[in-house]
Amino acid sequence: HFKLVESGGGSVQSGGSLRLSCVASGQNLDAFAVGWFRQAPGKEREGVLCINGRDGTTFAADSVKGRFAIFREKGKNTVYLQMINLTPEDTGNYSCAAPVSPVFTTCVSDDIVAGEYDFWGQGTQVTVSS
């Protein structure tokens, strides 16, 4: 099914911005939900944002609401994570993920859980300095 590849990570200072890309191959991503997750050293994996596969409805964790946004580029098999006003607490390895099915049971609330997703990229590192 999907192969997902993330890019766009890097090192930025507090208050900076980054845009991460998730590019899929293997099938058309547009009808599938996509989630972004992050994991920092010493912390559990955290669901950050997701976009559903029906009408583009998005959900975000409380920690990033108002600062992060998720977008699709339809026809290019690409989903972006736009991050602004970054803080050191945003540091982590960011991965995108997609489910095996396009049914509308993934990404339906702010509870963005890894168990709803089946295909994962290798991740891209985001480091935010003080």
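Distance from a point 7 Å along Cα→Cβ of ASP118 to each backbone N in the stretch 50-78: keep the residues under 16 Å and list them by number. Counting only backbone N, you get 53.
The largest accessible area among VAL23, VAL79, VAL12 belongs to the first residue in VAL23, VAL12, VAL79, and the rest follow in falling order (1.4 Å probe, all chains). Each peptide in 1-7, 27-33 gets a packing score, the mean of other Cβ atoms within 10 Å over its residues, and the list from highest to lowest is 27-33, 1-7. Just the protein heavy atoms count here, and of the accessible area of the chain at 1.4 Å, carbon and sulfur take up 48 percent. Using a Förster distance of 41 angstrom, determine the FRET efficiency expected from the C-beta separation of GLN27 and THR127, and round it to 0.05. Once the sixth-power term is evaluated, E becomes 0.80.
Computed over neighbours whose Cβ is under 13 Å from that of THR106, the net charge equals -2, Lys and Arg +1, Asp and Glu -1.
Summarising the label geometry, the points placed 7 Å from Cα in the beta-carbon direction at ASP111 and GLN39 lie 2.2 nm from one another. Taken along the Cα-to-beta-carbon direction at a fixed 7 Å, the label points for SER101 and ASP55 span 2.2 nm.
Rg/Rh, computed from the Cα trace of the chain with Rh as the Kirkwood radius, has the value 0.94.
With a simple spin-label model that places each label point 7 Å from the Cα along the Cα-to-Cβ direction, the separation between ASP62 and SER7 comes to 3.7 nm. Computed with the Debye formula from one identical point scatterer per Cα of the stretch 70-130, without solvent, the log10 of I(q)/I(0) at q = 0.19, 0.25 Å⁻¹ comes to -0.92, -1.28.
The values are calculated or read from the model by the stated rules, or taken from the named source; none is laboratory data. Computed from a predicted model, the values in this text were never measured in an experiment. A quick note on method: Cβ atoms are made from the backbone with ideal geometry, for glycine too, and the neighbour counts reach across all protein chains shown. Areas reflect the complete protein model, heavy atoms only, side chains present, ligands, DNA and RNA absent. Shrake-Rupley method; radii C 1.70, N 1.55, O 1.52, S 1.80 Å.
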